[in-house]
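Since the structure comes first, as structure tokens, the remarks are kept for the end.
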């Protein structure tokens, strides 16, 4: 399993399509900040997403996701004066229960909204992750990720997957909600792959590092064996260069020292083990290279802001009861 495969497996992703929005000009829908990642796919027509700093024009087949859940407006092209309506209100009026991790909707609502002009049809949903702020893959993504059907690299999936979702929603066959969920999971994975294939030349930090032959190999070593007592010299020997060259190259490309990165990766692994529910603190600390539970707890608190036991309790509580109250 390579570095990207491992991080994708560790996402603990849940996907949900709330509605198929049929919006007619003029229209404006407001989405406040949230702890999940909203996404939109334009099935027909066009739309705009406005954040605090940018405006994104979306056309048929385009896909947009906001990994950090920042607030935004979803609007028509001729809707500058349209009143803003909170998405939560529209979903509540349609009888959609607020999302919480682990829940599955019995149906996806066809939602109609707007002033009666030209129509656009948009899939609206969210991606939810175990702890989005602790996965290096998610934290390295831009605030807004757009995959354009007409201009990005050869991406037939961007037509195939949304069309398959729309067909499942239209036909309503037995098991269609589960099929839609799986297709939506795949939609996010494919968007990540497209981003990694097309935007790495603009990236900095961790993503830039994994593409470098030396640094990428060292990161792979740390990911494969976080329990080893790695030193700069050991890592340099693994990749076949001097300690000084390796240390300089790693910090230049990744933006932090190799051992600092190792500590952060160990804490990410530890967080996953804590949420597994079958590991005590002593077991977790040993599996990420700590001989002392106390030393591990100090490092974990420095990384997450809270002790490991509290982290586990809060994350498990969120996974069973936290509502998507900022839809």
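The values are calculated or read from the model by the stated rules, or taken from the named source; none is laboratory data. Note that the structure is predicted; figures quoted are calculated from it, not measured. Glycine gets a Cβ as well: all are built from the backbone with ideal geometry, and neighbour counts include every protein chain shown.
The figures follow:
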{"read-out": "Residue within segment 303-310 that is touching a residue at least 12 places away in the same chain (Cβ under 8 Å), surrounded by 15 or more Cβ atoms within 10 Å (Cβ to Cβ) and over 21 Å from residue 35 (Cβ atoms) present", "value": "no"}
{"read-out": "Complete set of residues in segment 183-196 that are free of Cβ contacts under 8 Å to residues at least 24 places away in the same chain, within 21 Å of residue 109 (Cβ to Cβ) and surrounded by fewer than 17 Cβ atoms within 10 Å (Cβ to Cβ)", "value": "none"}
{"read-out": "Evaluation of residue 262 against (1) in a loop (DSSP other than H, G, I, E, B); (2) surrounded by 13 or more Cβ atoms within 10 Å (Cβ to Cβ); (3) at pLDDT 90 or above (one fails), failing number", "value": "(1)"}
{"read-out": "Residue check, residue 122 touching a strand residue (DSSP E or B) at 6+ places or on another chain (Cβ under 7 Å), modelled with pLDDT under 90, in the same structural domain as residue 33 (by TED's automatic domain parsing) and crowded, with 19+ Cβ neighbours inside 10 Å", "value": "no"}
{"read-out": "Scan of segment 199-222 for residues that are closer than 27 Å to residue 270 by Cβ, at pLDDT below 85 and part of a loop (DSSP other than H, G, I, E, B), ordered by number", "value": "203, 204, 205, 211"}
{"read-out": "Lone qualifier among 137, 88 - being out of contact with any strand residue (DSSP E or B) (no Cβ under 6 Å at 6 or more places or on another chain), at pLDDT 85 or above and either in a helix (DSSP H, G or I) or surrounded by 14 or more Cβ atoms within 10 Å (Cβ to Cβ) (or both)", "value": "88"}
{"read-out": "Residue selected from segment 223-235 under the condition in a helix (DSSP H, G or I) and at pLDDT 95 or above, by the criterion farthest from residue 5 (Cα to Cα)", "value": "233"}
{"read-out": "Segment 149-198, residues that are closer than 20 Å to residue 21 by Cα, touching a strand residue (DSSP E or B) at 6+ places or on another chain (Cβ under 8 Å) and not in a helix (DSSP H, G or I)", "value": "149"}
{"read-out": "2 or more residues farther than 23 Å from residue 161 by Cβ: qualifying strands (runs of 3 or more DSSP E) within segment 2-45", "value": "28-31"}
{"read-out": "Which numbered condition residue 238 fails, given (1) under 21 Å from residue 6 (Cα atoms); (2) crowded, with 19+ Cβ neighbours inside 10 Å", "value": "(2)"}
{"read-out": "Whichever residue in segment 142-160 is at pLDDT 80 or above and in contact with a helix residue (DSSP H, G or I) (Cβ under 7 Å, 6 or more places away or on another chain) and, among such residues, is nearest to residue 271 (Cα to Cα)", "value": "145"}
{"read-out": "Any hit, segment 4-14, residues being over 16 Å from the mean Cα position of the chain (by Cα), at pLDDT below 90 and under 20 Å from residue 191 (Cβ atoms)", "value": "no"}
{"read-out": "Sole exception among (1) at pLDDT below 95; (2) assigned to a loop (DSSP other than H, G, I, E, B); (3) buried (at least 19 other Cβ atoms within 10 Å of the Cβ) for residue 279, by number", "value": "(3)"}
{"read-out": "Selection status of residue 61, within 21 Å of the chain's Cα centre (by Cα), more than 20 Å from residue 121 (Cα to Cα) and either surrounded by 16 or more Cβ atoms within 10 Å (Cβ to Cβ) or in contact (Cβ under 8 Å) with a residue 40 or more places away in the chain (or both)", "value": "no"}
